[in-house]
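The values are calculated or read from the model by the stated rules, or taken from the named source; none is laboratory data. Everything numeric here is computed off the predicted structure, so don't read it as measured data. Note: ideal-geometry Cβ built from the backbone for every residue, glycine included; neighbour counts use all protein chains shown.
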């Protein structure tokens, strides 16, 4: 049964206290640490929320139909690919996102992965702990003077571009929607990025049009020895093609924070590949970003409800 107060459903086990403080006029219901899509549907049927804050799991048409009072679905972050936006639009449910709230966190993770790849941080650490001293045989990649190609120039991509420029990199960027770019970002098409970039970092949303953007064909079009970084969505990369390109040397190294299937299945073909640095989709997971995203998600939903 619905509570006396209208319900906010959070598809997670928690929300930042600062965000909760904004929702005093509502009952907040949590879906738990690892909710399934079926869990979300059941909770919608039980509580009929007016708003859903999406952290984990997918929210599709079935959940929307189970919540006739639903007015807004608010993403706790910037990527809305886990929300069926067409179904929401058909039901006059607004979809909003906390764009930019985690930009600093994700851009820093992208930079960390780029540096890990260029400087072989993880394999050298493992070698050192095993008692080796590879100074005479190892050569790292110097990023100053190299070209970085960015796919996606939203809040995260632009923040990362600023970091790359500060390191003396030439910055190429592709984003058909970006306007008023800073002078240090050179707008180009994808073919130019494949052809000229020494490193490529993905910062775009996942859509039906760009799924498996990096595949056997596009990776083959890249410079030999290119570095690949992905802190966006795993579906942007054909993982089988990337692994083959790593093994052939076409791609020198990759730093990945997102994957086609999450949580990553074990065993996974990437496991044990020293030239792939992995992190469990935590680019936006910092104490600061947790608060920023929670507050933005709550504020965005409230803005819709209070119109």
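Meeting the requirement of 3 or more residues that are more than 27 Å from residue 56 (Cα to Cα) and at pLDDT 95 or above, the strands (runs of 3 or more DSSP E) wholly within region 212-307 are 251-256. Between 215, 230, the distinction of being touching a helix residue (DSSP H, G or I) at 6+ places or on another chain (Cβ under 8 Å), within 21 Å of residue 102 (Cα to Cα), touching a residue at least 24 places away in the same chain (Cβ under 8 Å) and in the same structural domain as residue 154 (by TED's automatic domain parsing) belongs to 230 only. Between 101, 89, 112, 136, the distinction of being in a helix (DSSP H, G or I) and either in the same structural domain as residue 190 (by TED's automatic domain parsing) or in contact (Cβ under 8 Å) with a residue 24 or more places away in the chain (or both) belongs to 112 only.
Picking from residues in region 116-144 that are surrounded by fewer than 17 Cβ atoms within 10 Å (Cβ to Cβ) and in contact with a helix residue (DSSP H, G or I) (Cβ under 8 Å, 6 or more places away or on another chain), the one that is farthest from residue 231 (Cα to Cα) is 134. Kindly provide the set of residues from region 72-85 that are modelled with pLDDT of 95 or more and surrounded by fewer than 18 Cβ atoms within 10 Å (Cβ to Cβ), ordered by number. The answer is 85, and nothing else.
Inside region 145-174, residues that are at negative phi and assigned to a loop (DSSP other than H, G, I, E, B) make up a count of 5.
Is it true that residue 205 is exposed (fewer than 15 other Cβ atoms within 10 Å of the Cβ), part of a loop (DSSP other than H, G, I, E, B) and out of contact with any strand residue (DSSP E or B) (no Cβ under 7 Å at 6 or more places or on another chain)? Break it down into steps so the answer makes sense when it comes.
Details: exposed (fewer than 15 other Cβ atoms within 10 Å of the Cβ): no; part of a loop (DSSP other than H, G, I, E, B): yes; out of contact with any strand residue (DSSP E or B) (no Cβ under 7 Å at 6 or more places or on another chain): yes.
So residue 205 fails the test.
One line per residue, one yes/no per condition, for (1) crowded, with 24+ Cβ neighbours inside 10 Å; (2) without any contact (Cβ under 8 Å) to a residue 60 or more places away in the chain; (3) assigned to a helix (DSSP H, G or I):
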| residue | (1), (2), (3) |
| --- | --- |
| 12 | no, no, no |
| 18 | no, no, yes |
| 45 | no, yes, yes |
| 64 | no, yes, yes |
